[in-house]
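The values are calculated or read from the model by the stated rules, or taken from the named source; none is laboratory data. Only a predicted model underlies this, so the values are computations on that prediction, with no experimental measurement involved. Cβ placement follows ideal geometry from the backbone for every residue including glycine, while neighbour counts extend to all protein chains displayed. Heads up: the accessible areas ignore ligands, DNA and RNA and are worked out on the full protein's heavy atoms, side chains in. Shrake-Rupley method; radii C 1.70, N 1.55, O 1.52, S 1.80 Å.
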Amino acid sequence: MSKTFSLILIALISGFIVLGFMDEPELREPGQLVAYRGGGQLIDYQKLGENSCTARSIIQSENAHIENTLESIRDADSAGFDVIHVNIHRSKDNNFVLFHDWTLDCATNGTGEVKASTAGLLAELDAGYGYTFDDGQHFPFRGKGYRISNLTTILDEYPNRTFWLNLKNNDEASFAALYEMLRSGYGGRLSDFVIFSSEKGSNWFRREAPELKAISVESTKECFKDYMLYGWSGIFPDACSNRPLLIPPDKAKYLWGYPGRFAARAQDNESRVYLWTKHTSLRSHKLDIENGIGVVTSDIQGVKKILH
(Lines give C-alpha, C1' and ligand atoms only; values in the text may rest on other atoms or scores of the structure.)
Protein backbone atom coordinates (compact mmCIF):
# COMPACT_ATOMS: atom_id res chain seq x y z
CA MET A 1 0.00 0.00 0.00
CA SER A 2 1.53 3.34 -1.04
CA LYS A 3 1.95 6.24 1.34
CA THR A 4 -0.39 8.39 -0.77
CA PHE A 5 -3.16 5.76 -0.71
CA SER A 6 -2.79 5.38 3.06
CA LEU A 7 -3.15 9.11 3.57
CA ILE A 8 -6.26 9.20 1.38
CA LEU A 9 -7.80 6.30 3.32
CA ILE A 10 -7.08 7.97 6.65
CA ALA A 11 -8.58 11.23 5.38
CA LEU A 12 -11.75 9.47 4.22
CA ILE A 13 -12.20 7.65 7.53
CA SER A 14 -11.57 10.86 9.46
CA GLY A 15 -14.12 12.64 7.30
CA PHE A 16 -16.77 10.00 8.01
CA ILE A 17 -16.14 10.30 11.74
CA VAL A 18 -16.33 14.10 11.69
CA LEU A 19 -19.53 14.06 9.63
CA GLY A 20 -21.02 11.41 11.90
CA PHE A 21 -20.47 13.50 15.01
CA MET A 22 -21.57 16.74 13.32
CA ASP A 23 -24.92 15.19 12.40
CA GLU A 24 -25.72 13.74 15.83
CA PRO A 25 -29.44 13.70 16.77
CA GLU A 26 -30.55 15.04 20.13
CA LEU A 27 -31.69 12.73 22.91
CA ARG A 28 -35.49 12.88 23.02
CA GLU A 29 -36.36 10.87 26.14
CA PRO A 30 -34.69 9.41 29.23
CA GLY A 31 -34.23 5.67 29.62
CA GLN A 32 -37.10 3.44 30.68
CA LEU A 33 -37.45 0.96 33.55
CA VAL A 34 -38.45 -2.58 32.56
CA ALA A 35 -39.73 -5.09 35.13
CA TYR A 36 -37.89 -8.29 34.18
CA ARG A 37 -40.29 -11.25 34.41
CA GLY A 38 -42.71 -8.80 35.98
CA GLY A 39 -40.38 -8.38 38.96
CA GLY A 40 -39.33 -11.15 41.31
CA GLN A 41 -36.49 -12.44 43.42
CA LEU A 42 -32.76 -11.88 43.02
CA ILE A 43 -30.90 -14.93 41.71
CA ASP A 44 -27.61 -16.62 42.55
CA TYR A 45 -26.56 -17.28 38.95
CA GLN A 46 -23.78 -19.66 39.94
CA LYS A 47 -26.28 -21.85 41.78
CA LEU A 48 -28.71 -21.53 38.86
CA GLY A 49 -26.00 -22.84 36.53
CA GLU A 50 -25.62 -25.89 38.75
CA ASN A 51 -29.28 -26.81 39.24
CA SER A 52 -31.07 -25.07 36.30
CA CYS A 53 -33.91 -24.19 38.67
CA THR A 54 -34.71 -20.53 39.31
CA ALA A 55 -36.96 -21.34 42.26
CA ARG A 56 -34.09 -23.11 44.06
CA SER A 57 -31.56 -20.37 43.30
CA ILE A 58 -33.13 -17.25 44.81
CA ILE A 59 -31.29 -14.93 47.19
CA GLN A 60 -33.04 -13.67 50.31
CA SER A 61 -33.86 -10.00 49.76
CA GLU A 62 -36.46 -7.32 50.39
CA ASN A 63 -38.25 -8.03 47.10
CA ALA A 64 -41.76 -8.99 48.04
CA HIS A 65 -43.02 -11.34 45.31
CA ILE A 66 -42.06 -14.01 42.80
CA GLU A 67 -41.69 -13.54 39.07
CA ASN A 68 -44.44 -13.63 36.45
CA THR A 69 -47.25 -13.15 38.95
CA LEU A 70 -50.07 -10.66 39.20
CA GLU A 71 -48.71 -9.57 42.58
CA SER A 72 -45.24 -8.76 41.27
CA ILE A 73 -46.65 -6.88 38.28
CA ARG A 74 -48.85 -4.78 40.55
CA ASP A 75 -45.79 -3.99 42.68
CA ALA A 76 -43.76 -3.05 39.59
CA ASP A 77 -46.56 -0.83 38.33
CA SER A 78 -46.79 1.02 41.64
CA ALA A 79 -42.99 1.43 41.68
CA GLY A 80 -43.15 3.35 38.40
CA PHE A 81 -41.85 0.85 35.85
CA ASP A 82 -42.53 1.84 32.25
CA VAL A 83 -42.55 -1.64 30.69
CA ILE A 84 -43.50 -5.10 31.94
CA HIS A 85 -41.58 -8.13 30.64
CA VAL A 86 -43.23 -11.54 31.15
CA ASN A 87 -42.62 -15.12 30.03
CA ILE A 88 -45.59 -16.84 28.40
CA HIS A 89 -46.54 -20.37 27.32
CA ARG A 90 -49.40 -21.61 25.15
CA SER A 91 -51.47 -24.02 27.21
CA LYS A 92 -53.15 -27.22 26.04
CA ASP A 93 -56.44 -25.35 25.50
CA ASN A 94 -54.83 -22.58 23.43
CA ASN A 95 -54.57 -19.92 26.14
CA PHE A 96 -51.40 -18.06 27.08
CA VAL A 97 -50.21 -18.15 30.68
CA LEU A 98 -47.42 -16.42 32.60
CA PHE A 99 -44.65 -18.84 33.58
CA HIS A 100 -40.94 -19.19 32.91
CA ASP A 101 -39.87 -22.85 33.12
CA TRP A 102 -40.69 -25.46 30.49
CA THR A 103 -41.94 -27.80 33.22
CA LEU A 104 -43.92 -27.29 36.42
CA ASP A 105 -41.84 -29.53 38.70
CA CYS A 106 -39.29 -27.00 39.99
CA ALA A 107 -41.41 -23.99 40.94
CA THR A 108 -44.89 -25.41 41.61
CA ASN A 109 -46.67 -28.37 43.19
CA GLY A 110 -47.49 -29.68 39.72
CA THR A 111 -45.60 -31.90 37.30
CA GLY A 112 -45.04 -32.15 33.58
CA GLU A 113 -44.70 -29.66 30.73
CA VAL A 114 -46.66 -26.43 30.91
CA LYS A 115 -48.07 -26.93 27.41
CA ALA A 116 -49.60 -30.27 28.45
CA SER A 117 -52.00 -28.65 30.95
CA THR A 118 -55.05 -26.46 30.45
CA ALA A 119 -55.07 -22.89 31.72
CA GLY A 120 -57.72 -23.89 34.27
CA LEU A 121 -55.57 -26.65 35.76
CA LEU A 122 -52.50 -24.40 35.79
CA ALA A 123 -54.44 -21.71 37.67
CA GLU A 124 -55.11 -24.19 40.52
CA LEU A 125 -51.40 -24.79 41.22
CA ASP A 126 -49.34 -23.11 43.91
CA ALA A 127 -46.93 -21.02 41.80
CA GLY A 128 -44.72 -20.25 44.82
CA TYR A 129 -44.48 -23.81 46.11
CA GLY A 130 -40.84 -24.56 45.25
CA TYR A 131 -39.11 -21.23 45.90
CA THR A 132 -36.34 -21.50 48.51
CA PHE A 133 -33.25 -19.44 49.31
CA ASP A 134 -31.63 -21.98 51.65
CA ASP A 135 -31.73 -25.30 49.77
CA GLY A 136 -35.15 -26.33 51.02
CA GLN A 137 -35.00 -25.41 54.69
CA HIS A 138 -37.61 -22.71 54.19
CA PHE A 139 -40.18 -22.09 51.45
CA PRO A 140 -41.26 -18.49 52.09
CA PHE A 141 -43.64 -18.23 49.13
CA ARG A 142 -45.41 -21.59 49.55
CA GLY A 143 -49.11 -21.38 50.34
CA LYS A 144 -49.22 -17.60 49.92
CA GLY A 145 -51.77 -17.62 47.11
CA TYR A 146 -49.51 -17.15 44.09
CA ARG A 147 -51.10 -18.51 40.93
CA ILE A 148 -50.26 -18.93 37.24
CA SER A 149 -52.21 -16.16 35.52
CA ASN A 150 -53.75 -15.99 32.09
CA LEU A 151 -52.07 -13.35 29.91
CA THR A 152 -55.43 -11.73 29.10
CA THR A 153 -56.00 -11.07 32.81
CA ILE A 154 -52.79 -9.04 32.94
CA LEU A 155 -53.38 -7.18 29.67
CA ASP A 156 -56.92 -6.28 30.70
CA GLU A 157 -55.78 -4.92 34.06
CA TYR A 158 -53.14 -2.72 32.43
CA PRO A 159 -54.63 -1.35 29.19
CA ASN A 160 -52.11 1.49 28.93
CA ARG A 161 -48.94 -0.41 29.74
CA THR A 162 -46.24 -1.61 27.33
CA PHE A 163 -45.53 -5.35 27.51
CA TRP A 164 -42.61 -7.45 26.34
CA LEU A 165 -43.92 -10.97 25.74
CA ASN A 166 -41.22 -13.66 25.87
CA LEU A 167 -42.86 -16.58 24.08
CA LYS A 168 -41.39 -19.90 25.21
CA ASN A 169 -43.13 -22.08 22.61
CA ASN A 170 -41.24 -22.46 19.33
CA ASP A 171 -43.84 -23.72 16.87
CA GLU A 172 -45.87 -21.97 14.20
CA ALA A 173 -49.18 -22.90 15.82
CA SER A 174 -48.13 -20.94 18.92
CA PHE A 175 -46.90 -17.98 16.87
CA ALA A 176 -50.22 -17.85 15.00
CA ALA A 177 -52.31 -18.30 18.16
CA LEU A 178 -50.52 -15.46 19.95
CA TYR A 179 -50.93 -13.14 16.99
CA GLU A 180 -54.63 -13.97 16.67
CA MET A 181 -55.20 -13.39 20.39
CA LEU A 182 -53.47 -10.01 20.31
CA ARG A 183 -55.02 -8.97 17.00
CA SER A 184 -58.58 -9.89 17.94
CA GLY A 185 -58.52 -8.81 21.58
CA TYR A 186 -56.04 -5.93 21.59
CA GLY A 187 -55.86 -4.77 17.98
CA GLY A 188 -55.85 -1.13 18.97
CA ARG A 189 -52.67 -1.45 21.00
CA LEU A 190 -50.39 -3.75 18.98
CA SER A 191 -47.68 -1.09 19.17
CA ASP A 192 -47.61 -1.71 22.94
CA PHE A 193 -46.19 -5.22 22.48
CA VAL A 194 -42.75 -6.61 21.69
CA ILE A 195 -42.46 -10.35 21.03
CA PHE A 196 -39.31 -12.10 22.23
CA SER A 197 -38.88 -15.39 20.40
CA SER A 198 -36.44 -17.69 18.64
CA GLU A 199 -35.04 -16.72 15.26
CA LYS A 200 -37.71 -18.96 13.75
CA GLY A 201 -40.37 -17.08 15.68
CA SER A 202 -39.09 -13.57 15.02
CA ASN A 203 -38.90 -14.37 11.28
CA TRP A 204 -42.50 -15.63 11.38
CA PHE A 205 -43.77 -12.48 13.09
CA ARG A 206 -41.87 -10.19 10.73
CA ARG A 207 -43.41 -12.03 7.78
CA GLU A 208 -46.97 -12.69 9.01
CA ALA A 209 -47.48 -9.92 11.58
CA PRO A 210 -45.27 -6.97 10.63
CA GLU A 211 -47.27 -4.59 12.81
CA LEU A 212 -45.76 -6.34 15.87
CA LYS A 213 -42.13 -5.80 16.90
CA ALA A 214 -40.35 -9.16 17.21
CA ILE A 215 -36.76 -9.79 18.27
CA SER A 216 -34.49 -12.75 19.01
CA VAL A 217 -31.03 -13.40 20.40
CA GLU A 218 -29.77 -13.84 16.85
CA SER A 219 -31.23 -10.54 15.60
CA THR A 220 -29.72 -8.76 18.60
CA LYS A 221 -26.29 -10.17 17.81
CA GLU A 222 -26.65 -9.11 14.17
CA CYS A 223 -27.49 -5.57 15.26
CA PHE A 224 -24.45 -5.17 17.47
CA LYS A 225 -22.14 -6.83 14.97
CA ASP A 226 -23.19 -4.29 12.33
CA TYR A 227 -22.96 -1.39 14.75
CA MET A 228 -19.46 -2.37 15.84
CA LEU A 229 -18.38 -2.48 12.19
CA TYR A 230 -19.60 0.92 11.05
CA GLY A 231 -21.41 2.71 13.88
CA TRP A 232 -18.46 5.08 14.15
CA SER A 233 -19.46 6.53 10.77
CA GLY A 234 -22.81 7.82 12.06
CA ILE A 235 -24.75 5.22 10.05
CA PHE A 236 -27.29 3.34 12.18
CA PRO A 237 -27.78 -0.28 11.00
CA ASP A 238 -31.18 -1.43 9.77
CA ALA A 239 -30.82 -4.47 12.06
CA CYS A 240 -30.86 -2.09 15.06
CA SER A 241 -33.85 0.01 14.00
CA ASN A 242 -37.43 -0.08 15.36
CA ARG A 243 -36.72 -2.42 18.30
CA PRO A 244 -35.46 -2.63 21.89
CA LEU A 245 -31.65 -2.95 22.09
CA LEU A 246 -30.63 -5.09 25.07
CA ILE A 247 -27.05 -4.71 26.28
CA PRO A 248 -25.21 -6.73 28.94
CA PRO A 249 -23.69 -4.04 31.22
CA ASP A 250 -20.13 -5.29 30.69
CA LYS A 251 -20.46 -4.92 26.89
CA ALA A 252 -21.73 -1.33 26.80
CA LYS A 253 -18.25 0.22 26.69
CA TYR A 254 -17.62 -1.34 23.26
CA LEU A 255 -20.45 0.57 21.56
CA TRP A 256 -19.63 3.76 19.63
CA GLY A 257 -20.99 6.87 21.31
CA TYR A 258 -22.27 5.08 24.41
CA PRO A 259 -24.20 6.20 26.36
CA GLY A 260 -25.77 9.47 25.20
CA ARG A 261 -24.89 9.51 21.49
CA PHE A 262 -25.75 5.85 21.06
CA ALA A 263 -29.11 6.29 22.83
CA ALA A 264 -29.90 9.40 20.75
CA ARG A 265 -29.10 7.58 17.51
CA ALA A 266 -31.30 4.67 18.60
CA GLN A 267 -34.23 6.95 19.46
CA ASP A 268 -33.82 8.72 16.12
CA ASN A 269 -34.34 5.30 14.50
CA GLU A 270 -37.39 4.33 16.63
CA SER A 271 -35.33 2.14 18.98
CA ARG A 272 -34.53 2.26 22.68
CA VAL A 273 -31.47 1.07 24.57
CA TYR A 274 -31.59 -1.01 27.77
CA LEU A 275 -29.04 -2.49 30.17
CA TRP A 276 -29.99 -6.15 30.65
CA THR A 277 -29.31 -6.55 34.41
CA LYS A 278 -32.09 -9.13 35.02
CA HIS A 279 -32.24 -10.76 38.49
CA THR A 280 -29.23 -8.97 39.99
CA SER A 281 -29.13 -6.40 42.76
CA LEU A 282 -29.62 -2.93 41.31
CA ARG A 283 -26.90 -0.31 41.60
CA SER A 284 -27.39 3.38 40.85
CA HIS A 285 -28.32 3.85 37.19
CA LYS A 286 -29.58 7.43 37.42
CA LEU A 287 -26.89 8.72 35.06
CA ASP A 288 -27.65 5.95 32.54
CA ILE A 289 -31.34 6.83 32.56
CA GLU A 290 -30.58 10.53 32.13
CA ASN A 291 -28.48 9.57 29.09
CA GLY A 292 -31.35 7.64 27.50
CA ILE A 293 -30.32 4.16 28.68
CA GLY A 294 -33.09 2.03 30.17
CA VAL A 295 -32.65 -0.69 32.80
CA VAL A 296 -34.16 -4.18 32.71
CA THR A 297 -34.33 -5.43 36.31
CA SER A 298 -36.41 -7.54 38.67
CA ASP A 299 -35.12 -5.62 41.71
CA ILE A 300 -38.26 -3.64 42.46
CA GLN A 301 -37.09 -2.67 45.95
CA GLY A 302 -33.83 -1.44 44.43
CA VAL A 303 -35.79 0.78 42.05
CA LYS A 304 -37.89 2.16 44.88
CA LYS A 305 -34.81 3.01 46.94
CA ILE A 306 -32.29 4.09 44.29
CA LEU A 307 -34.11 5.40 41.25
CA HIS A 308 -37.15 7.07 42.83
Rank these residues by their accessible area, most exposed first, probe 1.4 Å: Ser72, Ser241. Ser241, Ser72
How much accessible surface area, in Å² rounded to 10, belongs to the heavy atoms of Cys240 with a 1.4 Å probe? 0
Ellipticity estimate at 222 nm from DSSP helix runs (n ≥ 4, -39,500 (n - 2.57)) divided over the chain, nearest 500: -10000 deg cm²/dmol
Report, in whole Å, the centroid distance computed from the Cα atoms of the range 181-217 and the range 234-308. 22
May I have the convex hull volume per residue, in Å³, for the Cα set of the range 185-277? 104
Length-normalised contact order of the range 103-158, Cα under 8 Å, at least 6 apart, in percent, tallies to 29
Once both label points are put 7 Å beyond Cα along the C-beta direction, the Asn51-Leu287 separation in nm becomes 3.8
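Solvent-accessible area per residue for the range 68-144 at a 1.4 Å probe radius, Å²?
Per-residue accessible area for the range 68-144 comes out at 42 Å².
Kindly flag which residue pairs out of Lys47/Lys286; Lys200/Lys225; Lys278/Lys304; Lys213/Lys278; Lys144/Lys251 have an alpha-carbon separation exceeding 28 Å in this structure.
Flagged as over cut-off: Lys47/Lys286; Lys144/Lys251.
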Could you tell me the distance between the Cα centroids of the range 127-163 and the range 94-108, to the nearest Å? 11
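Using the C-alpha gyration tensor of the chain, what are the square roots of 5 times its eigenvalues, in whole angstrom, with the largest one first?
Equivalent-ellipsoid dimensions as semi-axes: 38, 22, 18 Å.
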Given R₀ = 35 Å, FRET efficiency for Ile235-Lys92 by Cβ-Cβ distance, to 0.05? 0.15
Hydrodynamic calc, the range 141-220: Kirkwood Rh from Cα pairs, then Stokes-Einstein at 4 °C with viscosity 1.567 mPa s, so D in µm² s⁻¹ is 96
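Test of understanding: what is the full-extension gain from Ala173 to Ala64, defined as 0.36 nm times their sequence separation minus their Cα-Cα distance?
Values: separation 109, 0.36 × 109 = 39.24 nm, distance 3.59 nm.
That pair, Ala173 and Ala64, stretches by 35.7 nm at full extension.
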Any idea of the accessible area per residue across the range 246-308, 1.4 Å probe, to the nearest Å²? 44
So, with a 1.4 angstrom probe, what is the percent of accessible area on the range 140-221 that is carbon and sulfur? 47
At 0.692 mPa s and 37 °C, plugging the Kirkwood radius over alpha-carbon pairs of the range 75-181 into Stokes-Einstein gives what diffusion coefficient in µm²/s? 222
17 Å tail of the calculated P(r), the range 241-302, as % of Cα pairs: 35
What figure in square angstrom, to the nearest 10, would you give for the accessible area of Ile59 with a 1.4 Å probe? 70
Give the long-range amide H neighbours of Thr277: residues separated by 5 or more places, or on another chain, with amide H under 5 Å away, using H modelled in the peptide plane at 1.01 Å from N. Val296
The range 42-110 - Debye-derived log10 I(q)/I(0), Cα point model, q = 0.29 Å⁻¹: -1.31
Pairs of alpha-carbon atoms within less than 8 angstrom and 6+ residues apart define the contacts here; what relative contact order does the chain have, in percent? 22
Descending accessible area (1.4 Å probe), largest on the left, turns Tyr230, Tyr186 into Tyr230, Tyr186
